[in-house]
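The values are calculated or read from the model by the stated rules, or taken from the named source; none is laboratory data. None of the values given here were measured: they were computed from a predicted structure. No Cβ is skipped: glycine too gets one built from the backbone with ideal geometry, and neighbour counts run over all protein chains shown. Surface areas here come from the heavy atoms of the whole protein model, side chains and all, with no ligands, DNA or RNA. Shrake-Rupley method; radii C 1.70, N 1.55, O 1.52, S 1.80 Å.
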Amino acid sequence: MHTVWKGAISFGLVHVPVKMFSATEDKDISMKLIHRDCGSNISYIRKCPTCEVEVDWDAIVKGYEYDKGHYVLFEKDELEQLSDDVTKTIKILDFVALEEIDPIYFQKTYYLSPDQAGGNAYNLLLEAMRQSGRIGIAKVSIRSKSSLAAIRIIGDCLAMETIFFPDEIRSVDLVPGLPDHVDVNEKELMMARMLIEQLSTPFEPAKYTDDYRSRLLDAIQHKIAGEEVRVAPEQQRTNVLDLMAALQASLEAVKLPPDAKGGLDTGAASSAAGAADGAAEDGTRTEAADAPAAKVPRPRKPKGSSGSAKETVS
């Protein structure tokens, strides 16, 4: 791993020298812009529109536009003096419970390893945090970017999550079209909860893959081999289903009997059948018509048990 930052964690008067490594990597497939006519790579030129000349990096400074066409300029050393990055310290301000932080705050994860002779202090902080069940909230500056951060434990490693400041989080009140109040049908709600329960499973990240990246890599290999690549477009769903019929069809797809323990007869079976009959009369097909008729599958008897344990569906 490449070291992206070196500094120290401080809490109270304790100083823990650490190295920082990026815990994630961008797997996006990089594409260049190519001139279709000749196959050349398109280049970008730093050009001043007033002087009409190319500009070298050493002639470029940063500026803030405080009014249209008017800027205040900052040299690199001026910005560095304003930054906390010169201290190279991850200063823990508080210790909190991880579950108190909404995931919307998290940005990027870094691993921290002990640096120099900081092994003892590193282990002390790690074990103290593990036993307390708390994580540290800190301030850090990396490459002149100031951030809040959460210091937590992953395995036997201290990790740092950069997190947004509160004023960087937009309020949900700004989201248009949200309902004034939540009003749902109780039978539909019960079926939705049954569906969620049936689809619930322990989180296994290894089973999730980037399907687009896989298809793109496959297409790249075919093009390198001189083969033509054609992908059949996926048919878009345009028909609108009755919500109860959709829930019933979904439950049947995961083989959960509507009369299973904790369930009740919602009347969804007749709703799904009615949708199918209606489709047959006018000659059209809908997902409700295509779905299996509302047959209630016979519950499987769990192995090794004579009770009424819930069937597990993978």
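Summary of values
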{"read-out": "Relative contact order for region 1-137, counting Cα pairs under 8 Å that sit 6 or more residues apart, in percent", "value": "33"}
{"read-out": "Ranked by how many other beta carbons lie within 10 Å on average, peptides 103-111, 162-170 from highest", "value": "103-111, 162-170"}
{"read-out": "Relative counts (whole %) of C-alpha pair distances in region 147-216, using bins that are 10 Å wide", "value": "13, 16, 27, 37, 7"}
{"read-out": "Probe 1.4 Å, protein heavy atoms only - accessible area per residue of region 33-190 in square angstrom", "value": "76"}
{"read-out": "Distance between modelled label sites at residue 58 and residue 130, nm, 7 Å Cα→Cβ extension", "value": "5.2"}
{"read-out": "Only Lys, Arg (+1) and Asp, Glu (-1) charged, at Cβ; region 1-54 dipole about Cα centre in debye", "value": "160"}
{"read-out": "Simple Cβ-charge dipole of region 13-164, Lys/Arg +1 and Asp/Glu -1, about Cα centre, in debye nearest 20", "value": "300"}
{"read-out": "Relative packing of peptides 144-152, 196-204 - highest average C-beta neighbours within 10 Å first", "value": "144-152, 196-204"}
{"read-out": "Sorted peptide list for 16-22, 89-95, 153-159, criterion being average Cβ within 10 angstrom, highest first", "value": "16-22, 89-95, 153-159"}
{"read-out": "For residue 9, residues with placed amide H under 5 Å, excluding near neighbours", "value": "16, 18, 90"}
{"read-out": "Shape call, region 79-157: gyration tensor on alpha carbons, a/c limit 1.5", "value": "oblate"}
{"read-out": "Fraction of accessible area attributable to carbon and sulfur, region 83-148 (%, probe 1.4 Å)", "value": "51"}
{"read-out": "Listed pairs 27/88; 108/187; 145/223; 6/76 exceeding 32 Å between Cα atoms", "value": "108/187; 145/223"}
{"read-out": "Relative contact order [Cα under 8 Å, 6+ residues apart], region 112-238, whole percent", "value": "13"}
